[in-house]
Each structure stands twice: as C-alpha cells, then as structure tokens.
Amino acid sequence: MTQAVKEKEMVTISKRLWEETKKNPIFVELLEDLEDAQDILKAKSSAKEFFDFNEYVKERRER
C-alpha cells in the first residue's frame, strides 16, 4: 500500500480539466508521465524485490 499523503501535500484538479487536457497533444505526454510517476511510486512502495525501472517504463509504454 502507498504511504499516506497529507492533504497539504496533495494537488487536486477536476476530472473535467484532466480529460480536456488529455485531448490536447501538447499536454498528453506530460499527463501520461504523471500517471507513470504515480504507478512507479505505488510499485516501489509495495515492491518486495528490485525491479528494473527501464523495463517497467518499456512495458508501460507498450500498454
């Protein structure tokens, strides 16, 4: 499970803004990188052994 994050440490945007921004090719890669970063933090917090970051990114991009 991921570590608890204090409310003051959170940044919140609306689902509508997220969806509209994902339609803009200028921002789509940034948003995908943010999603990847969140997945990496989650994976690191629950990992029981070492994982290859580059392999993870490769697999994520293939999805």
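Could you give the dipole magnitude of the chain about its Cα centre, charging the beta-carbon of Lys and Arg +1 and that of Asp and Glu -1, in debye to the nearest 20?
Details: 13 positive and 15 negative charges, 53 e Å.
Its charge dipole is roughly 260 debye.
Quick check: residue separation of Leu17 and Lys42 times 0.36 nm, minus the Cα distance between them. What number comes out in nm?
Numbers: separation 25, 0.36 × 25 = 9.00 nm, distance 2.38 nm.
Working it through step by step, the gained length comes to 6.6 nm.
Within the chain, how many Lys pairs sit with Cα atoms under 24 Å apart, leaving out pairs fewer than 8 places apart on the same chain?
Value for the chain: 13.
Under a 1.4 Å probe, what is the accessible area of the chain per residue, stated in Å²?
97
Simple spin-label model, 7 Å along Cα-to-Cβ: Leu31 to Asn54 in nm?
Spacing of the two 7 Å Cα→Cβ label points: 3.0 nm.
Using only helices, what value at 222 nm comes out for the chain when you add -39,500 (n - 2.57) per DSSP H run of length 4 or more and divide by the total residues, to the nearest 500 deg cm²/dmol? Mind showing how you got there, number by number?
Values: 3 runs with 40 residues, N = 63.
About -20000 deg cm²/dmol.
Mind checking the log10 I(q)/I(0) for the chain at q = 0.13 Å⁻¹? Debye, one equal scatterer per Cα, no solvent, two decimals.
-0.48
The values are calculated or read from the model by the stated rules, or taken from the named source; none is laboratory data. Computed from a prediction, not measured in an experiment: that's the story for all the values here. Here Cβ is always computed from backbone atoms with ideal geometry, including for glycine, and neighbour counts include all displayed protein chains. Remember, those area values only see protein heavy atoms, side chains included, never the ligands or the DNA or RNA. Shrake-Rupley method; radii C 1.70, N 1.55, O 1.52, S 1.80 Å.
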